[in-house]
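A.B. asks: Below you will find the structure I want to go over with you.
The values are calculated or read from the model by the stated rules, or taken from the named source; none is laboratory data. Quick caveat, the model's predicted, so the values are computed rather than measured. Note: ideal-geometry Cβ built from the backbone for every residue, glycine included; neighbour counts use all protein chains shown. For the accessible areas, the whole protein counts, side chains as well, though only heavy atoms, and no ligand, DNA or RNA atoms are used. Shrake-Rupley method; radii C 1.70, N 1.55, O 1.52, S 1.80 Å.
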Amino acid sequence: MSVTAAQGFLASGVAAGLKESGDPDLALVVNRGPSRAAAGVFTSNRVQAAPVRWSRRVLAGGRVSAVVLNSGGANACTGQAGAVDARIMAERTARAVGVDPYETAVCSTGLIGVMLPMDKVTAGIDAAAARLSPGGGEDAAVAIKTTDSVHKTAVAGGPGWTVGGMAKGAGMLAPGLATMLVVLTTDAEVDAPALGSALREAVRTTFDRVDSDGCMSTNDTVLLLASGASGATPDTAAFAGAVHAVCQDLARQLVADAEGASKEIEVEVVGAASEEDAVTVGRSVARNNLLKCALHGEDPNWGRVLSAIGTTDAVFDPDRLDVAINGVWVCRDGAAGESRAGVDLSGRRIRITVDLRSGDASAVVWTNDLTAEYVHENSAYSS
């Protein structure tokens, strides 16, 4: 259920001493081929960590043989020295596992503005290289956690081929990916352009639709690596569907593990004039802190949903808006509908459906409630 679910990949995770807790904090994923095609998507934040800049250059070549990932330090806002450290991580990994440093991606996550202890990082890379195995995917997924309470893995596929993945992320979850590192692997025979097409479309409708707290990270990275080890060449649509399934599974896990969250909220917008309108409305509802507080208190306050819709430039008639919360249409034609007393919010999952009644487009955005625990987590932990 992780990056080693696909044939041709080795992985590992070790404790390099980057975290004060002593928990695992450094991981390797190595593609043994025969193919080393790859694609990547990165944060759209203009302030980008040194590993993101390095990995962008690597992915421009369409090949990745290895990925080194660390938690316990983001190597972001660290100037030229941070850029040198990212290159050192790639070179040390390449030497340890026998690949080209310019086919080695680097991912880091943790505290911004602090230099990595490179003596520990390089020793950790050597230790991780010595522990690489076809069953090391779970160890790698554990090692990339920061404030995550659980590690996150997923798998999908088709006849004779597999797509596996791991992710980390629990805070600063907002569009432009989310605050996360994701590595996806496949043993299918797929070239770099096809990988890129499948990945970009999957990210657009999964990770880019996670909107927990409106905060965008400096380190977001999603990588898709193909080994071709299965010898199978899947149908383009089938492969894209599997990549989407893994990304959606991981995206839902990110929301479920959002810092301090007690509710997972799915905002579905239907009847929109365009997909852009649907996404705009979905994001506005998902980012409404008053609504998120109300849902935490299990109050089906549909007026706050309408208020959020009204701040957008989407096409709609305020007197034709319909809103359902967990299947109860509490708002019809922009006014009170079925009794809000019939809405059961006692469970963890909440589904809000907004019908703009303006077209045929739709979109889904995922978020969570706003809790005292979220405030505590982000006042006790620097990021």
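A.B. asks: When both residues are 6+ apart or on different chains and their Cβ atoms are under 6 Å apart, which pairs have a first residue that lies in segment 340-363 and is within 14 Å of SER274 (Cα to Cα), and a second that is at pLDDT 95 or above and among the aromatic types (Phe, Trp, Tyr)?
C.D. replies: Every condition considered, the pairs that remain are LEU356/PHE316; SER358/PHE316.
A.B. asks: Let me ask something additional. Just a yes or no: is a residue in segment 288-308 open to solvent by less than 20 Å² (accessible area, probe 1.4 Å), part of a helix (DSSP H, G or I) and not aliphatic (A, V, I, L, M)?
C.D. replies: The answer is yes, given that some residue of segment 288-308 is open to solvent by less than 20 Å² (accessible area, probe 1.4 Å), part of a helix (DSSP H, G or I) and not aliphatic (A, V, I, L, M).
A.B. asks: Taking the condition of being among the β-branched types (Val, Ile, Thr), crowded, with 21+ Cβ neighbours inside 10 Å and under 20 Å from the mean Cα position of the chain (by Cα), how many residues in segment 345-377 meet it?
C.D. replies: Going through segment 345-377 one residue at a time, the tally reaches 2.
A.B. asks: Give me a count of the residues in segment 60-90 that are in a strand (DSSP E or B) and of a type in the set (Lys, Arg).
C.D. replies: From segment 60-90, those in a strand (DSSP E or B) are 63, 66-70, 73; that's our starting set.
Keeping just the survivors that are of a type in the set (Lys, Arg) gives 63.
Residues meeting the conditions: 1.
A.B. asks: Taking the condition open to solvent by 60 Å² or more (accessible area, probe 1.4 Å), assigned to a helix (DSSP H, G or I) and on the phi < 0 side of the Ramachandran plot, does ARG57 pass?
C.D. replies: Yes.
A.B. asks: Of these, THR153, THR147, which one is of a type in the set (Val, Ile, Thr), open to solvent by 30 Å² or more (accessible area, probe 1.4 Å) and within 21 Å of SER2 (Cα to Cα)? So that I can check it myself, show each step before the final result.
C.D. replies: Working: THR153 fails: open to solvent by 30 Å² or more (accessible area, probe 1.4 Å).
Residue meeting the stated conditions: THR147.
A.B. asks: What do you reckon, is ALA324 of a type in the set (A, V, I, L, M, F, W, C) and either assigned to a loop (DSSP other than H, G, I, E, B) or under 22 Å from the mean Cα position of the chain (by Cα) (or both)? It would help to see each step written out before you state the result.
C.D. replies: On the way: of a type in the set (A, V, I, L, M, F, W, C): yes; either assigned to a loop (DSSP other than H, G, I, E, B) or under 22 Å from the mean Cα position of the chain (by Cα) (or both): no.
The answer is no for ALA324.
A.B. asks: In segment 91-127, how many are in contact (Cβ under 8 Å) with a residue 24 or more places away in the chain and not in a helix (DSSP H, G or I)? Give the derivation first.
C.D. replies: Taking segment 91-127 and keeping what is in contact (Cβ under 8 Å) with a residue 24 or more places away in the chain, we get 92-94, 96-97, 99-100, 102-118, 120-127.
From what is left, the residues that are not in a helix (DSSP H, G or I) are 99-100, 104-117.
The qualifying residues number 16.
A.B. asks: Keeping to segment 104-115, report how many residues are closer than 19 Å to GLU91 by Cα and surrounded by fewer than 24 Cβ atoms within 10 Å (Cβ to Cβ).
C.D. replies: Within segment 104-115, residues that are closer than 19 Å to GLU91 by Cα and surrounded by fewer than 24 Cβ atoms within 10 Å (Cβ to Cβ) number 1.
A.B. asks: Just for segment 259-273: of the residues that are of a type outside the set (S, T, N, Q) and part of a loop (DSSP other than H, G, I, E, B), which one is surrounded by the fewest Cβ atoms within 10 Å (Cβ to Cβ)?
C.D. replies: Within segment 259-273, the subset of a type outside the set (S, T, N, Q) is 259-261, 263-273.
Filter once more, keeping what is part of a loop (DSSP other than H, G, I, E, B): 259-261, 263, 273.
Working: GLU259: 23, GLY260: 19, ALA261: 24, LYS263: 21, ALA273: 16.
Per the stated criteria, the residue is ALA273.
A.B. asks: If you go through segment 339-362 one residue at a time, how many are within 21 Å of GLY297 (Cβ to Cβ) and not β-branched (Val, Ile, Thr)?
C.D. replies: Looking only at that region, the number is 11.
A.B. asks: The conditions are (1) outside any helix (DSSP H, G or I); (2) open to solvent by less than 10 Å² (accessible area, probe 1.4 Å); (3) under 20 Å from PHE207 (Cβ atoms); (4) aliphatic (A, V, I, L, M), and VAL52 fails exactly one of them. Which is it?
C.D. replies: It fails just one condition, (1).
A.B. asks: Checking VAL99 against (1) within 22 Å of LEU199 (Cα to Cα); (2) buried (at least 17 other Cβ atoms within 10 Å of the Cβ): exactly one of these is not met. Which one?
C.D. replies: Checking VAL99 against (1) within 22 Å of LEU199 (Cα to Cα); (2) buried (at least 17 other Cβ atoms within 10 Å of the Cβ), the one that fails is (1).
A.B. asks: Looking only at residues that are of a type in the set (A, V, I, L, M) and part of a helix (DSSP H, G or I) in segment 128-140, which one is nearest to VAL29 (Cα to Cα)? Even if it seems obvious, please write down each step before you answer.
C.D. replies: The initial filter retains those residues of segment 128-140 that are of a type in the set (A, V, I, L, M), namely 128-130, 132, 140.
Next cut, part of a helix (DSSP H, G or I) only: 128-130, 140.
On the way: ALA128: 10, ALA129: 9, ALA130: 12, ALA140: 8 Å.
Filtering segment 128-140 for residues that are of a type in the set (A, V, I, L, M) and part of a helix (DSSP H, G or I), the one nearest to VAL29 (Cα to Cα) comes out as ALA140.
A.B. asks: Residues to consider are ALA242, ALA251, ALA256, ALA226; find the one that is crowded, with 21+ Cβ neighbours inside 10 Å, among the aliphatic types (A, V, I, L, M) and modelled with pLDDT under 95. Let's see the steps before the verdict.
C.D. replies: On the way: ALA242 fails: modelled with pLDDT under 95; ALA256 fails: crowded, with 21+ Cβ neighbours inside 10 Å; ALA226 fails: modelled with pLDDT under 95.
Matching residue, one of ALA242, ALA251, ALA256, ALA226: ALA251.
A.B. asks: Can you name the condition, by its number, that ALA178 falls short on among (1) open to solvent by 10 Å² or more (accessible area, probe 1.4 Å); (2) assigned to a loop (DSSP other than H, G, I, E, B); (3) at pLDDT below 95?
C.D. replies: Just one mismatch for ALA178, condition (1).
A.B. asks: Does GLY165 fit the bill of being open to solvent by 30 Å² or more (accessible area, probe 1.4 Å), touching a helix residue (DSSP H, G or I) at 6+ places or on another chain (Cβ under 9 Å) and modelled with pLDDT of 95 or more?
C.D. replies: Taking the combined requirement at face value, the residue does not satisfy it.
A.B. asks: While we're here: Within segment 6-49, track down each residue that is of a type in the set (Gly, Ala, Ser), assigned to a loop (DSSP other than H, G, I, E, B), open to solvent by less than 30 Å² (accessible area, probe 1.4 Å) and at negative phi.
C.D. replies: Answer for segment 6-49, where residues must be of a type in the set (Gly, Ala, Ser), assigned to a loop (DSSP other than H, G, I, E, B), open to solvent by less than 30 Å² (accessible area, probe 1.4 Å) and at negative phi: ALA6, ALA16, ALA49.
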